[in-house]
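As structure tokens, the structure follows; a few thoughts come after it.
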């Protein structure tokens, strides 16, 4: 007889009694989660964290007496607990969500609008809470490699940027912990590289803010992808939240196609959608990197890329916030190299410099 699975203990923090109940009820549907309490503001939450010792906290950003962002910063400094922000992501709120991730939140989810309810997003909410509960941060091993952020070109790069065929492309996938990983990786890639396409599991309205933030950090253009946009060297496109992104051939290069076909592995955008299309359209001309995240999204796509002759990289366990996606790819034999995040920029440059492999 198998021993019972230890459930993830969650504290729900929100000033709305209706939201507290709805989030608690949605999470209680998952047998791997136990809601141990709720709090109406950070001061009540502080006492309950000490008394209940939750594994994960869901946190609203707009609350009385102390806003959620201020509380998050205090919490991460004095009593680190994995946090999933659940808040209304209006246009202004999206910038706050970026601040929340920089302050230590593992994920950000938007509260449902009038067309949805917390019950309808119960699986999504539970998925992110379980990812936070399984993260390395619960062990006090917070990923700090991405700070401080500044534009830094790698020292002694292995290649001369700009000397590439129009078929070369870099594709990157990430989930939980991925925003911070991208904030480390992308600014450390030099200008003049082949086009870069990124799928990060991210809610709608937030991908544009993330792209704008990365654009300020990187020595090349970063923006949210638009359907039909052609790729070019020195351009990095981020998949919009709630849209799959795939590559299509356009002359000697590529353009992007955005769709709202059904989620893959409960994710939209899906890394597998991008990676599969890159295997089909780019083949051995691609370099692919799979970063931190829970689940298996991207693993099969990375295997297809390797079979097509692409150079394939997976982030190692030590630097991952959640090792799920890279581990799944490694177990499939999809990763040509397993690379710690601090070495990933140079690994991508080295992969671009290596001779093409024709399958």
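Laboratory data are not the source of any read-out in this text; all were calculated from the coordinates shown. Since we're looking at a predicted model, the values are computed, not measured. Cβ: placed from backbone, ideal geometry, glycine included. Neighbour counts: every protein chain shown.
Across 204, 31, 326, mean-square fluctuation computed from a Gaussian network of the chain (C-alpha pairs under 10 Å connected) peaks at 31.
Among beta bridges from DSSP that stay inside segment 169-353, the antiparallel ones total about 25%. Computed packing ranks the peptides 339-351, 301-313, 247-259, 166-178 as 166-178, 301-313, 339-351, 247-259, most packed first, by mean other Cβ atoms within 10 Å.
The overall shape of the chain, judged from the alpha-carbon gyration tensor, is prolate: a/c is not under 1.5, and a/b is greater than b/c.
For residue 52 and residue 74, calculate 0.36 nm times their separation in residues minus their Cα-Cα distance, and state this gained length in nm to one decimal. Spell out each step's value before the answer.
Details: separation 22, 0.36 × 22 = 7.92 nm, distance 1.81 nm.
So the chain would gain 6.1 nm between residue 52 and residue 74.
By the count of other C-beta atoms within 10 Å, a proxy for reagent exposure, 242, 272, 107 are ordered fewest to most as 242, 272, 107.
From Cα pairs below 8 angstrom and at least 6 apart in sequence, can you work out the relative contact order of the chain, rounded to a whole percent?
On the way: 819 pairs, mean separation 45.8, N = 359.
Normalised by residue count, the contact order of the chain is 13 percent.
Where both residues lie in the chain, what percent of DSSP beta bridges are antiparallel, nearest 5?
On the way: 9 of 50 bridges.
In the chain, approximately 20 percent of DSSP beta bridges are antiparallel ones.
How would segment 169-353 be classified by its alpha-carbon gyration tensor: rounded, prolate or oblate, with rounded meaning a/c under 1.5 and the a/b versus b/c comparison settling the rest? It comes out rounded by the Cα gyration axes.
Among 275, 164, 206, the residue with the largest mean-square fluctuation in a Gaussian network model of the chain, with springs joining Cα atoms closer than 10 Å, is 164. The overall shape of segment 8-139 is rounded: from the C-alpha gyration tensor, with semi-axes ordered a ≥ b ≥ c, the ratio a/c is less than 1.5.
At a threshold of 8 angstrom on Cα-Cα distance, excluding pairs fewer than six apart, so keeping six or more, what relative contact order does segment 8-139 reach in percent? Relative contact order here is 26 percent. Here the extension length gained between residue 242 and residue 95 equals 51.1 nm, from 0.36 nm per residue of separation less the Cα-Cα distance.
Comparing Cα centroids, segment 241-257 and segment 289-304 end up 19 angstrom apart. Relative contact order of segment 232-359: 20 percent, from C-alpha pairs under 8 Å at least 6 residues apart in sequence.
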